[in-house]
Amino acid sequence: MKSLEDLKKLRDQIRDDMKIRDKGERVKITIGMGTTGIASGAREVLKTIVNELETRNFSDVEILQTGSIGLDAKEPLLTVEKPGLPKVTYGLVTMEMAKRIVVEHVINSQIIGDWVIRSS
Amino acid sequence: MKELSLNILDLLENSAAARANNVLLVINENINKIHVELKDDGSGISGNPNRLLDPFYSSKNKKIGLGLPFINEIVTLCQGNMDIQSKPDSGTKISFKLPKGCIDLPPLGNIVSTIITFITLHPEINLKYEHICEEKLFVFDSQEYKALLEDVPINHPEVLKMLESYLENNLKNLYGGN
């Protein structure tokens, strides 16, 4: 962003984009951002997720945070709730895993079973 | 924590948990010291705020809390100082000063990533971030950008990307890079 004009341009572009797009139900992604989550890499995992969403031009997502949920040994924890699919929690998520979770699960609805630690 | 900026993210998350609407983060550094100050208008806590330094105390619904004890550990090891002020309903102010050159002092690390992460997760909170380096000042106020963005959310992935590179460039300038 070189000037505020650039940001205004982007704003108008995103607004047009949102009008065209058929508003489906949003995917809910929850990341553990308590002390343990942060210490085990949640910030970098979240950054990877946002970057990947931006690259794939996928913005029907709501990103939320949670504190410790009693599974500290499995942090960073990532929960994905996509309409029509079970709510799934991934554990020990790395940046590489986060990238694949976005592409395969969030966008293409394929749960990555090997990494799931809890499903409901 | 590997970076001070991660400790700072942890403190910012505390402010969010205390339902703050406005958070001010000031980082003031020079060759000799780094001074971090965080002020929020969240719920605050009653009693002696130094309780927060006890790992077996938490104001949240759990038995331990390590966020502030981690920072206190660095402050103790580096012989810096720390001050916490908190009152119910009038927010919390945390300030710590650390001398640079101490072997136990983690690097500040990626502060931009900390700011962007916080905006991603808490778009509704106004975050003002001031960074002073050798008398040079950079100010970022998320409220201004939200006003400009109108109905477009500040945590839209494309907006975040733009803000991130904006912050990175400005910090580079602040540190005197080219």
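Quick note: the coordinates plus some simple rules give every number you see, no bench work behind them. Bear in mind that the values here come from a model prediction, so they are computed numbers and not experimental data. Neighbour counts run over all protein chains shown; Cβ positions are idealised from the backbone, glycine included.
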So how strong a dipole does the stretch B:37-178 carry about its Cα centre when Lys and Arg Cβ are +1 and Asp and Glu Cβ are -1, to the nearest 20 debye? 520 debye
Sequence of B:175, B:166 once ranked by neighbouring C-beta atoms within 10 Å, starting from the fewest: B:175, B:166
Can you give me the C-alpha center-to-center distance between the stretch B:112-137 and the stretch A:1-52, rounded to a whole angstrom? 16 Å
Considering the options B:98, A:27, A:7, tell which one lies farthest towards the positive end of the dipole of the protein assembly as shown, charges being +1 on Lys and Arg and -1 on Asp and Glu at the Cβ, about the Cα centre. A:27
Let me have the 222 nm mean residue ellipticity of the protein assembly as shown computed from DSSP H runs of 4+ only, each contributing -39500 (n - 2.57), with the sum over all residues rounded to the nearest 500. -10500 deg cm²/dmol
Within the stretch B:1-111: Cβ-based charge dipole about Cα centre, in debye rounded to nearest 20 (Lys, Arg +1; Asp, Glu -1): 180 debye
Of the candidates A:46, A:64, A:78, which one comes out as most mobile in a Gaussian network treatment of chain A with C-alpha springs shorter than 10 Å? A:64
Which of A:107, A:58, A:92 sits closest to the plus end of the dipole of chain A, meaning its Cα is farthest towards the positive end, when Lys and Arg get +1 and Asp and Glu get -1 on the C-beta? A:58
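By its C-alpha gyration tensor, with a ≥ b ≥ c as the square roots of the eigenvalues, how is the stretch A:48-110 shaped: rounded for a/c under 1.5, else prolate for a/b larger than b/c, else oblate?
Prolate.
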Nearest 10 degrees, 0 to 90: helix A:4-20 Cα axis against chain A principal axis: 80 degrees
Let me confirm one metric for peptide B:9-16, namely the mean number of other chain beta-carbon atoms within 10 Å of its residues' beta-carbons. 4
Between residue B:103 and residue B:46, what is the label-point separation in nm under the 7 Å Cα-to-beta-carbon projection? 4.6 nm
Could you name the lysines whose alpha carbon sits less than 17 Å from that of residue B:100, not counting residues in the same chain fewer than 8 places away? B:2, B:33
When chain B is modelled as a GNM with alpha-carbon springs shorter than 10 Å, which of B:40, B:89, B:151 fluctuates the most? B:151
Partnerless cysteines (no other Cys beta carbon under 4.7 Å) identified across chain B are B:133
Peptide B:54-67 - average C-beta neighbours from other chains (10 Å radius): 2
Under a crude label model (7 Å from the Cα following the beta-carbon direction), how far is residue B:169 from residue B:81 in nanometres? 4.0 nm
May I ask for the Rg/Rh ratio of the stretch B:56-178, computed from Cα atoms with Rh as the Kirkwood radius, given to two decimals? 1.00
Dipole check, chain B, charges on Cβ (K,R +1; D,E -1), about Cα centroid: among B:110, B:16, B:52 the Cα furthest to the positive pole belongs to B:52
What is the mean number of Cβ atoms from other protein chains located within 10 Å of the Cβ atom of each residue in peptide B:106-118, rounded to a whole number? 2
For B:133, B:102, B:78, order by how many other beta-carbon atoms lie within 10 Å, fewest first: B:102, B:133, B:78
Looking only at B:127, B:137, B:163, which one moves most when chain B is put into a Gaussian network model with springs between Cα atoms under 10 Å? B:137
Decide, for the stretch A:27-84, between rounded, prolate and oblate: order the square roots of the alpha carbon gyration tensor eigenvalues as a ≥ b ≥ c, take rounded if a/c falls under 1.5, and otherwise choose prolate if a/b is larger than b/c, else oblate. oblate
Under a Cβ-only charge scheme (Lys and Arg +1, Asp and Glu -1), can you give me the dipole magnitude of the protein assembly as shown about the Cα centre, in debye to the nearest 20? 440 debye
Mind sorting B:117, A:35, A:94 by how few other Cβ atoms lie within 10 Å of their own Cβ, fewest first? A:94, A:35, B:117
GluC sites (Glu not before Pro) restricted to the stretch A:1-105 and DSSP loop, no more than 15 other C-beta within 10 Å: A:25
